[in-house]
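Below is one structure, written out as structure tokens, with a few remarks after it.
The values are calculated or read from the model by the stated rules, or taken from the named source; none is laboratory data. Source: prediction; values computed, not measured. Ideal geometry is used to build each Cβ from the backbone, glycine not excepted, and the neighbour counts take in all protein chains shown.
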Amino acid sequence: MLNDYKKFLSTIKKKKYKFKFFHQKLSTKSNILLRHDVDFDVDFALKMAEFEKKNNVKSTYFFLLTSSIYNILDKDIINKIIFIKQLGHEIGLHFDPSVYYKKKVLNGLKVELKIFEKLFKKKVKIISFHRPNKKFLKMNKKILGTAHTYQKLFTTKIGYFADSRNLFRYGDPLKSTDFNNNLNLQILIHPIWWQKKFKLHTNIKIKEFIKKKNQDLKKNLLKNLSNSNLSF
Ligand SMILES: [Zn+2]
């Protein structure tokens, strides 16, 4: 479990990179912004967060308010996210603009920021957009006064790499010249793709995930049907 991620982190640590948060001032070299967009499952994020804590790694976790796969208003989910924060990581809003009609996007964001801040009793310092279109990808200014991960400061001005299912589609960060030269980096890692071997085919990873979700669903159904003799 997380073996490949362990190797990945130890390669970074060997190069003496310092893990920073997005709101912190970056040195000219050897800083890394480690980002996790949580698109599927908060348990996977929690496992990764605990693993990072053990290995003295700091990162930023982003959560969706509008996910159709997990419910951020679920008490257990809230507690898990608070725990991730307590482990010393930063948490931020993963915002999906496609949920809103064009003219309502900013209002939607305003509402989501408010809810997020109330739920987790903290100011959102950084936003990451979920599957952003070009407009959001290219937005360089803060949005509603809040920084976001696609600002040039965090992308074109430093090395930016993202995992995609079972590969780094736009280049492996650890084989990049930026990394070789100890230049600053932002790396996006989606926790779901690293629970088993990173190179494992996406189908297998998704099948495992569906199995897990089914077990979670059964558990939750049983909680709600506690006095019955149902078995399923
Ligand atoms: Zn996402």
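Only a single criterion out of (1) within 21 Å of F19 (Cα to Cα); (2) surrounded by fewer than 16 Cβ atoms within 10 Å (Cβ to Cβ) is not satisfied by A147, namely (2).
Within the stretch 118-144, residues that are free of Cβ contacts under 8 Å to residues at least 24 places away in the same chain and within 21 Å of V38 (Cβ to Cβ) sit with their Cβ atoms under 9 Å from residues that are among the hydroxyl-bearing types (S, T, Y) and within 16 Å of the ligand (Cβ to nearest atom), at 6+ positions apart or across chains, in these pairs: L137/Y150; L137/T155.
Can we say L153 is in contact with a strand residue (DSSP E or B) (Cβ under 9 Å, 6 or more places away or on another chain) and farther than 20 Å from E90 by Cβ? No, not satisfied. For residues in the stretch 163-187 being in contact with a Phe, Trp or Tyr (Cβ under 7 Å, 6 or more places away or on another chain), of a type outside the set (D, E) and closer than 22 Å to D41 by Cβ, which is surrounded by the most Cβ atoms within 10 Å (Cβ to Cβ)? Here the answer is I187.
Out of D4, D76, one residue alone is farther than 20 Å from W194 by Cβ, in a helix (DSSP H, G or I) and of a type in the set (D, E). It is D76.
Of the strands (runs of 3 or more DSSP E) lying entirely inside the stretch 102-190, those carrying at least 2 residues that are among the β-branched types (V, I, T), within 16 Å of the ligand (Cβ to nearest atom) and modelled with pLDDT of 95 or more are 126-129. When you look at F120, is it crowded, with 17+ Cβ neighbours inside 10 Å and out of contact with any helix residue (DSSP H, G or I) (no Cβ under 8 Å at 6 or more places or on another chain), yes or no? For F120, the condition - crowded, with 17+ Cβ neighbours inside 10 Å and out of contact with any helix residue (DSSP H, G or I) (no Cβ under 8 Å at 6 or more places or on another chain) - is not met. Output yes when any residue across the stretch 191-200 is in contact with a His (Cβ under 7 Å, 6 or more places away or on another chain) and under 28 Å from D74 (Cα atoms), and no when none is. Yes, the stretch 191-200 has at least one match.
Answer with yes or no whether S68 is within 16 Å of the ligand (Cβ to nearest atom), hydroxyl-bearing (S, T, Y) and either touching a Ser or Thr at 6+ places or on another chain (Cβ under 8 Å) or on the phi > 0 side of the Ramachandran plot (or both). Show your work before the answer.
Working: within 16 Å of the ligand (Cβ to nearest atom): yes; hydroxyl-bearing (S, T, Y): yes; either touching a Ser or Thr at 6+ places or on another chain (Cβ under 8 Å) or on the phi > 0 side of the Ramachandran plot (or both): no.
For S68, the condition - within 16 Å of the ligand (Cβ to nearest atom), hydroxyl-bearing (S, T, Y) and either touching a Ser or Thr at 6+ places or on another chain (Cβ under 8 Å) or on the phi > 0 side of the Ramachandran plot (or both) - is not met.
In the stretch 23-60, the residue that is surrounded by the most Cβ atoms within 10 Å (Cβ to Cβ) out of those that are part of a loop (DSSP other than H, G, I, E, B) and within 16 Å of the ligand (Cβ to nearest atom) is S59. Within the stretch 208-232, residues that are of a type in the set (D, E, K, R) have Cβ atoms under 8 Å from residues that are exposed (fewer than 11 other Cβ atoms within 10 Å of the Cβ) in these pairs: K218/F232, counting only partners at least 6 apart in sequence or on another chain. Taking residues in the stretch 174-202 that are farther than 23 Å from I158 by Cβ and free of Cβ contacts under 8 Å to residues at least 60 places away in the same chain, and partners anywhere that are within 16 Å of the ligand (Cβ to nearest atom) and part of a loop (DSSP other than H, G, I, E, B), the pairs with Cβ atoms closer than 7 Å and at least 6 places apart or on different chains are T202/R165.
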